[in-house]
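Have a look at the structure below, then the notes.
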Amino acid sequence: MIKITFPDKNVREYPKGTTSFEIAKSISEGLARNVLAAKVNGETWDASRPIDSDSTLQLLTWDDKEGKSTMWHSSAHLMAEALEALYPGVKFGIGPPVDNGFYYDVDLGGNTISSDDFKKIEDKMVELARKGSKYERTSVSKKDAIAFFTEKADEYKLDLLNDLEDGTITFYKQGNFTDLCRGPHIPETGFIKAVKLMNIAGAYWRGDEKNKQLTRIYGITFPKKSQLDEYLTMVEEAKKRDHRRIGKELEIFTFDDDVGPGLPLWLPNGGAIIEQLEKLAKSTEQAAGYSRVRTPHIARESMYLTSGHLPYYEDSMYPPMILEGEKYYLKAMNCPHHHKIYKELNPSYKDLPIRLAEYGTCYRYEQSGELFGLMRVRCLQMNDAHIYCTKEQFAEEFRAVNEMYLKYFKIFNIDKYVMRFSTHEPKKLGKKYVDEPELWLETEDMVRKVLIESNIPYVEVPDEGAFYGPKIDVQVWSAIGREFTLATNQVDFAVPRRFGLTYKNSQNKLETPICIHRAPLGTHERFIGFLIEHYAGNFPIWLAPKQVSILSISEKYNDYAKKLLQLLINSDIRGLVDSRDETIGKKIRDAEMKKIPFMLIIGEKEFNENKVSVRRHGSGDVGSFTIEEFAKMVQEEINNSLNINKQ
């Protein structure tokens, strides 16, 4: 018999060789029908693979990230089977799952494929899926694998085999298709109910432009047709909300070839949004007892060697500058600098916790192919902070950070969110994780307890912690249901020791503090990209770059309009005067296109009565107000949006 430990720490015994599917079936027939794969000792396996020793087990369904990934990996194989049936002689490169679906790089020989061919490929995939063919895993020798793909004349698989060692090679077969693959896969093709091919691109084999360009076909599948319909609706809505398009239309940010890829330039409207986000964060953190610090944009190599970022993180850092015979790096993270500040403070236990906050600018050399608008950039302005505390203070500090997240979710109208709680794998201590088994269990239990007591939705993910401690990745969903990873909250009990960080305890002995890395608003770049799509550019009044557009019916009222604008500025309200020689209808339409929340219309009547006619973006006329009445209304709405009167 073997012992199986489930995520809730419940332990059951099963005969040696029992599969995850059989375990699921012993719990519930309904569960078994939905299991796509399983996580065994932190590694994703086929649900049909026998378990031969005591293990931890997480059953994976469509609701799990790894479950979706497994299904999409299997769908890539299903598409390959369909392509082989429709285009004899096709050869295959790689076919992995991606964030939303899968792709396969293929060499079509003399054939070509366009989007016009998608329907017949999709129909063939559905036809094959309905056969319910099992995904069968077999181990093969390197010699036999080479013989198999030599017979198929598939030079791409033969090239991949060059990198593999004998004894590590597995094939997967479903229906009439066999592929070189380490898996895992879903039990059988019948789980795939809905198929949609999304687009085609070119891709050089092995990413090398000296090699042949293959055809990359992207697709996505679902276990229900209704889920595909919902996804396609979301995709169409996402196109309308694309932060790159709206960011350009609303003049929020731009990129310039002379500046460089992945290095955004914030235009005045973007600068206004950043100013409001920083204002919110700074006031929130000041009330929470944070101290603000500032650190340089570069540092010597020695500091990053101490932190452990070199050489392991070097590929994501800009190349070093050689100055006076020493290497200097652009900083890719703020934490080493903050550690140095903490060390200079030389605190005792009476000074803890110490909370150091900084909107620090970091630089990371993301690969060109990974850059994407504001979502993946090379220059990051991060809402960063590090909390140094005792073990006894940890739970309270971690809870306070999570409560800060919840406050922000309310302000930004984020209704759906989940904390992805990543823990360690005991068998990998000393390799992937710092070898402190008792401290791992203790801090994980403390984090888990805080999440439960705070009633915060979370999912526990084994074997995905940081090397220095457990962490939380904050997953949020936008107004149209798109998922984003926005922020992180990490526990670090290892790196402070590398820097020799200590405090004097009540017995006047030195101890190492625990460090909490947190960034509730993530980076300006990614968070503003999310907000643009979340609000579709219709920012709440407090965050809108321009809150008011003053529209004069005739140029003779322009001076009055400018006087009103100054009164609004004095009330800390951002606005502009549209003094163009255009019709009032044209001015209103342009203000609507710019998504400015309020329009103040000034004509003879308003001028004589010392009032303004107010229109609201998307709603129309609101009424007639004095400028003081209007300013008070705007301030009240801002206060309500920020919950200022509710704290």
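Of the residues that make up the stretch 174-182, is at least one farther than 29 Å from residue 134 by Cβ and either at pLDDT below 95 or loosely packed, with under 14 Cβ neighbours inside 10 Å (or both)?
No; the residues of the stretch 174-182 include none that is farther than 29 Å from residue 134 by Cβ and either at pLDDT below 95 or loosely packed, with under 14 Cβ neighbours inside 10 Å (or both).
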**Message:** Take the conditions under 23 Å from the mean Cα position of the chain (by Cα), exposed (fewer than 15 other Cβ atoms within 10 Å of the Cβ), closer than 30 Å to residue 236 by Cα and not hydrophobic (A, V, I, L, M, F, W, C) and apply them to residue 415. Does it pass?
**Reply:** yes
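State which residue is modelled with the lowest pLDDT when the search covers only the stretch 423-442 and only residues that are in contact with a strand residue (DSSP E or B) (Cβ under 9 Å, 6 or more places away or on another chain) and within 12 Å of residue 493 (Cα to Cα). Spell out how you get there, then give the answer.
Taking the stretch 423-442 as the starting set, the residues that turn out to be in contact with a strand residue (DSSP E or B) (Cβ under 9 Å, 6 or more places away or on another chain) are 423-426, 433-437, 439-440.
If we keep only those that are within 12 Å of residue 493 (Cα to Cα) too, we end up with 433-437, 439-440.
Working: 433: 86, 434: 83, 435: 86, 436: 86, 437: 91, 439: 86, 440: 90.
Among those that are in contact with a strand residue (DSSP E or B) (Cβ under 9 Å, 6 or more places away or on another chain) and within 12 Å of residue 493 (Cα to Cα), it is 434.
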**Message:** Cβ-Cβ distance below 7 Å, separation of 6 or more or different chains: which pairs start in the stretch 3-26 with a residue that is part of a loop (DSSP other than H, G, I, E, B) and end on one that is surrounded by fewer than 16 Cβ atoms within 10 Å (Cβ to Cβ)?
**Reply:** 15/1; 16/1; 16/2; 16/52; 17/50; 17/52
**Item:** Count of residues meeting criterion [under 22 Å from residue 364 (Cβ atoms) and touching a residue at least 24 places away in the same chain (Cβ under 8 Å)] in the stretch 243-265
**Value:** 10
**Message:** Among the numbered criteria (1) in contact (Cβ under 8 Å) with a residue 40 or more places away in the chain; (2) within 25 Å of residue 535 (Cα to Cα); (3) charged (D, E, K, R); (4) surrounded by fewer than 16 Cβ atoms within 10 Å (Cβ to Cβ), which one does residue 604 miss?
**Reply:** (2)
**Request:** Could you tell me which residue of the stretch 607-647 is surrounded by the most Cβ atoms within 10 Å (Cβ to Cβ), considering only residues that are more than 38 Å from the chain's Cα centre (by Cα) and among the hydroxyl-bearing types (Ser, Thr, Tyr)?
**Result:** 613
**Request:** Specify the residue that is nearest to residue 162 (Cα to Cα); the eligible residues are those in the stretch 204-215 that are crowded, with 18+ Cβ neighbours inside 10 Å and not polar (S, T, N, Q).
**Result:** 205
**Item:** Single residue of the stretch 65-83 satisfying the filter (crowded, with 20+ Cβ neighbours inside 10 Å and of a type in the set (D, E, K, R)) that is farthest from residue 122 (Cα to Cα)
**Value:** 68
**Asked** Residues of the stretch 24-37 being of a type outside the set (Ser, Thr, Tyr) and either assigned by TED's automatic domain parsing to the domain that holds residue 191 or more than 33 Å from the chain's Cα centre (by Cα) (or both), which ones?
**Response** 25, 27, 29
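Take the residues of the stretch 1-23 that are surrounded by 12 or more Cβ atoms within 10 Å (Cβ to Cβ) and within 19 Å of residue 137 (Cα to Cα): which is farthest from the chain's Cα centre (by Cα)?
Across the stretch 1-23, the extreme among qualifying residues is 18.
The values are calculated or read from the model by the stated rules, or taken from the named source; none is laboratory data. Nothing here was measured: the structure is a model prediction, and the numbers come from that model. Every residue, glycine among them, receives a Cβ derived from its backbone with ideal geometry; neighbour counts consider all protein chains shown.
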